[in-house]
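Visitor: The structure under discussion is supplied below as structure tokens; questions concerning it will follow.
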Amino acid sequence: MTIQRSTLTKLGLLSSLYFSQGLPFGFFTVALPILLQKMGLSLPAIGLSQLLALPWALKFLWSPYIDRRDAGRLGRRRGVILPIQVLSALLLLGLAFTSKGAPTVAWLLAAVFCVNLLAATQDVATDGLAVDILSGRELGWGNGVQVAAYRVGMVIGGAPLVHVFAAVGFRMTLVSLGVMLLVATLPIVFFQEPPSTPRPARESPSLSYWIKRPGAFSWLGLLFVYKAGENFATGMLKNYFADERGAGLGLEEVGWLVAGVGFTAGLAGAALGGALVRRLGYRRALIGFGVLQTAGVLLYALVARQQATMSMLGVACAVEHLASGMATVALFTAMMDSCRPEHAAADYTVQASVVVAASGAAAAASGFSAKALGYAGHFTLAAALAALAVVFVGMVFRSGRGLEASVMRG
């Protein structure tokens, strides 16, 4: 299948923006749980640190304001994205030159929260831009790029920067992050945003629209449960890898495993999912990829019940991230296809907030589960939750018409 030059230009732009979101998040995702564990925090407390991603769940509160803004000199979407990109880079560079040595727990948590707040706000405008510029036939590729580029950012922000952190400390790590963000800003600097659709009216906020929309509660319920089981598992994955009661790996080994093997496999899964989701249709893609996602989580449970080798951990990590990438693309493509063009950013954000809220709640509870059940029991419970989500898809949309007719395109 040949991709036109105009499509490649759009995908390149979106790649740089989603890469920018994944870059710092990749470092904090890999390093934060292990750093907090080394600082003496308990598993429940480490699980609750996932609540620092709360801006991603609450961004629907300010997304209508971003959707309704005038185009201005920079453009309706570009006028939000460009300043936030620059501010994010300056924040990281500023933190680099105000921190001395190892950070305190409070400083570390504050930095993570600020990064999440900026990235979540940028994401609202970026998702709106994606809906604006992608045609229907480009949505699968666009969402494949979204997941893939985000994971590439997490790959680079994970293993390589964890090595930088281990070698030279926080200051140079944050400088590296800030410089890479500035470089990733260049495509949006030179992008000429096309004329936008008229601003949505104040009388139809997206949250009210979704409450009243036929089939919406079934769809929002699916969004809530579909990724929760997997996030319940991965909320404690890095701690399992590093814990002496688990795999007992070092920080650099965890970085290589998660950001190297795992996120690279996730990149392949995103590309594969983007190519297949339109051919399979949303219902079959969500069910099929959800089954693979459940199998990937179950592999962790099986590995955790024995003395795991690096090869066993690598296979489990690769399978779960591959399946997760495919499932995420299917879900995000269906979400984007359900947006009204004139309310694209706000509609997508409402749906994404449901996903993030469920994922964050699951990750926050993961520490209590791991402490009570042990790692093997925790991963087994997570696999059961992931399987229930697949059953939910099959029950609600068993006719094959519920998703497309009742939800998609309203």
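FYI, it's all coordinate maths here, none of it is from the lab. What you see is a predicted model, and the numbers here were worked out from it, not measured in a lab. Methodologically, a virtual Cβ is constructed for each residue, glycine included, from the backbone with ideal geometry; neighbour enumeration extends over all protein chains shown.
Visitor: So what is the 222 nm mean residue ellipticity for the chain from helices alone, if each DSSP H run of at least 4 adds -39500 (n - 2.57) and you divide by all residues, rounding to the nearest 500 deg cm²/dmol?
Guide: Here the helix-only value at 222 nm equals -25000 deg cm²/dmol.
Visitor: Which of the aspartates and glutamates could a cross-linker span from residue 38 if the Cα-Cα distance has to be under 17 Å and same-chain partners fewer than 8 positions apart are dropped?
Guide: Here the aspartates and glutamates satisfying the reach criterion relative to residue 38 are 243, 244, 252, 253.
Visitor: Expressed as a whole percent, how much of the Cα-Cα distance distribution for the stretch 321-386 exceeds 19 Å?
Guide: 48
Visitor: Are there DSSP H segments in the chain that both extend 18 Å or more along their axis (alpha-carbon positions) and score a mean Kyte-Doolittle hydropathy of at least 0.0? List them, or say none.
Guide: 5-38, 78-98, 105-133, 139-168, 170-184, 263-280, 282-304, 310-337, 344-396
Visitor: With +1 on the Cβ of every Lys and Arg and -1 on the Cβ of every Asp and Glu, and nothing else charged, how large is the dipole of the stretch 5-407 about its Cα centre, in debye rounded to the nearest 20?
Guide: The calculated dipole for the stretch 5-407 is roughly 540 debye.
Visitor: May I pose another question? Run the simple label-point estimate for residue 74 and residue 38 please: 7 Å along Cα→C-beta, distance reported in nm.
Guide: 3.7
Visitor: Quick one: check the C-alpha center-to-center distance for the stretch 6-66 versus the stretch 105-167, whole angstrom.
Guide: When both Cα centres are located, 7 Å separates them.
Visitor: Next question, about the same structure. Could you work out Rg/(2.2 N^0.38 Å) for the chain, with Rg from alpha carbons only?
Guide: 0.94
Visitor: Stokes-Einstein at 20 °C, 1.002 mPa s, Kirkwood radius from Cα pairs: D for the stretch 12-166 in µm² s⁻¹?
Guide: Diffusion coefficient, whole number: 128 µm²/s.
Visitor: Please report 185, 349, 333 as a ranked list, fewest other C-beta atoms within 10 angstrom at the top and most at the bottom.
Guide: On the way: 185 19, 349 32, 333 25.
Going from least to most buried by this count: 185, 333, 349.
Visitor: Just to confirm my numbers, what's the Cα centroid distance between the stretch 292-349 and the stretch 218-262 in Å?
Guide: What the calculation gives is 10 Å, centre to centre.
Visitor: Which lysines have a Cα less than 30 Å from the Cα of residue 212, not counting those fewer than 8 places away in the same chain?
Guide: Of all the lysines, those that pass the test against residue 212 - Cα under 30 Å, at least 8 places apart if same chain - are 59, 227.
Visitor: Once a ≥ b ≥ c are taken as the square roots of the eigenvalues of the Cα gyration tensor of the stretch 5-77, is the result rounded (a/c under 1.5), prolate (a/b larger than b/c) or oblate (a/b not larger than b/c)?
Guide: Oblate shape, in that a/c is at least 1.5 and b/c is the bigger or equal ratio.
Visitor: Within the chain, what's the longest run with no GluC sites (Glu not before Pro) in a DSSP loop and at most 14 other beta-carbon atoms within 10 Å? Give the range, please. Please list the in-between numbers first.
Guide: Working: sites that count: 203, 244.
Looking at the chain, 1-202 is the longest stretch - no exposed GluC sites (Glu not before Pro) with at most 14 other Cβ atoms within 10 Å.
Visitor: Show me the trypsin sites (Lys or Arg not before Pro) within the stretch 218-309 that DSSP assigns to loop and that have at most 16 other Cβ atoms within 10 Å of their Cβ.
Guide: Here the trypsin sites (Lys or Arg not before Pro) that fit, given the DSSP loop and packing criteria, are 245, 305.
Visitor: When each pair of different Cα atoms in the stretch 307-347 is counted once in the 1/r mean, what is the Kirkwood radius in angstroms, to one decimal? Present the calculation step by step, with values, prior to reporting the outcome.
Guide: On the way: mean 1/r = 0.0800 Å⁻¹.
That comes to 12.5 Å for the stretch 307-347.
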